[in-house]
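Asks: Here it is, the structure, as structure tokens.
The values are calculated or read from the model by the stated rules, or taken from the named source; none is laboratory data. Worth saying up front: this structure is predicted, and the values here are computed from it rather than measured. FYI the Cβ positions are ideal-geometry reconstructions off the backbone, even for glycines, and counts take in every protein chain you see.
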Amino acid sequence: MTTIAAQDQDLASVMKNDGVAKANTHSSINRIFNRLEDIKKEMGEPSWSVRLIYTDMMSAVMICQKPGESNRTHYHANEDEWWVVMEGELEWDVDGHGSYHAKKDDIIFVPRQVIHNIRTAGDQPSIRLAIGKPDVNHIFVEDHVF
């Protein structure tokens, strides 16, 4: 049985509770130009996240995690979400759709109200760009079996 554990909308809290200690949500927002290598140098060793775009219509957050790290299983009641894998390998478990092994240049889409989990696979860190609406409410679930 799936039980709702909590809800969270604040990016820094979501990232911290997912084990991503370094969450940059200020100096990088809405820069006209960003380069992945520059962001990696600025942020240092994983795990970290950087909010790159934040407007009333959209948000883009770059997330870097170590091998084996995962976010908490969750869904979004009213918003779709998608990602572009920039480095490494990730496993997406998407309720009702299966599991997907994604690597650099792959794009993953998860519709609203679909429970999902993302974890870094392999022996290298992963970097993904998460794209969606700003301040999306994360509804976390426990004991979910995909």
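Asks: Give the residue, chosen from ASP38, ASP106, ASP56, that is in contact with a strand residue (DSSP E or B) (Cβ under 7 Å, 6 or more places away or on another chain) and of a type outside the set (S, T, N, Q).
Replies: The unique qualifying residue is ASP106.
Asks: Looking only at residues that are touching a Cys at 6+ places or on another chain (Cβ under 9 Å) and closer than 15 Å to VAL61 by Cα in segment 89-143, which one is surrounded by the most Cβ atoms within 10 Å (Cβ to Cβ)?
Replies: Per the criteria, the residue is SER126.
Asks: Which residues, taken from segment 43-77, are of a type in the set (D, E, K, R) and in contact (Cβ under 8 Å) with a residue 12 or more places away in the chain?
Replies: Correct list: ARG51, ASP56, LYS66, GLU69, ARG72.
Asks: Just checking, which of SER49, SER70 is at pLDDT below 95, surrounded by 13 or more Cβ atoms within 10 Å (Cβ to Cβ) and small (Gly, Ala, Ser)?
Replies: The unique qualifying residue is SER49.
Asks: Would segment 104-112 turn up any residue that is of a type in the set (Lys, Arg) and farther than 18 Å from GLY19 by Cβ?
Replies: yes
Asks: Here is a further query. Name the strands (runs of 3 or more DSSP E) wholly inside segment 7-92 in which the number of residues that are of a type in the set (Val, Ile, Thr) is 1 or more.
Replies: Correct list: 48-54, 59-65, 81-87.
Asks: When the residues of segment 1-30 are narrowed to those that are within 14 Å of the chain's Cα centre (by Cα), loosely packed, with under 15 Cβ neighbours inside 10 Å and of a type in the set (S, T, N, Q), which ends up modelled with the highest pLDDT?
Replies: SER13
Asks: Under 6 Å between Cβ atoms, at least 6 apart or on separate chains: pull out the pairs that start in segment 96-116 with a residue that is acidic (Asp, Glu) and end on any residue that is loosely packed, with under 13 Cβ neighbours inside 10 Å.
Replies: Every condition considered, no pair remains.
Asks: Looking at ILE118, ILE108, ILE127, can you tell me which residue is in a strand (DSSP E or B) and in contact with a helix residue (DSSP H, G or I) (Cβ under 9 Å, 6 or more places away or on another chain)?
Replies: Just a single option satisfies the conditions, and that option is ILE127.
Asks: Filter segment 63-106 down to residues that are of a type in the set (Val, Ile, Thr) and under 13 Å from the mean Cα position of the chain (by Cα) and give me whichever is nearest to GLU142 (Cα to Cα).
Replies: For segment 63-106, the residue satisfying everything is THR73.
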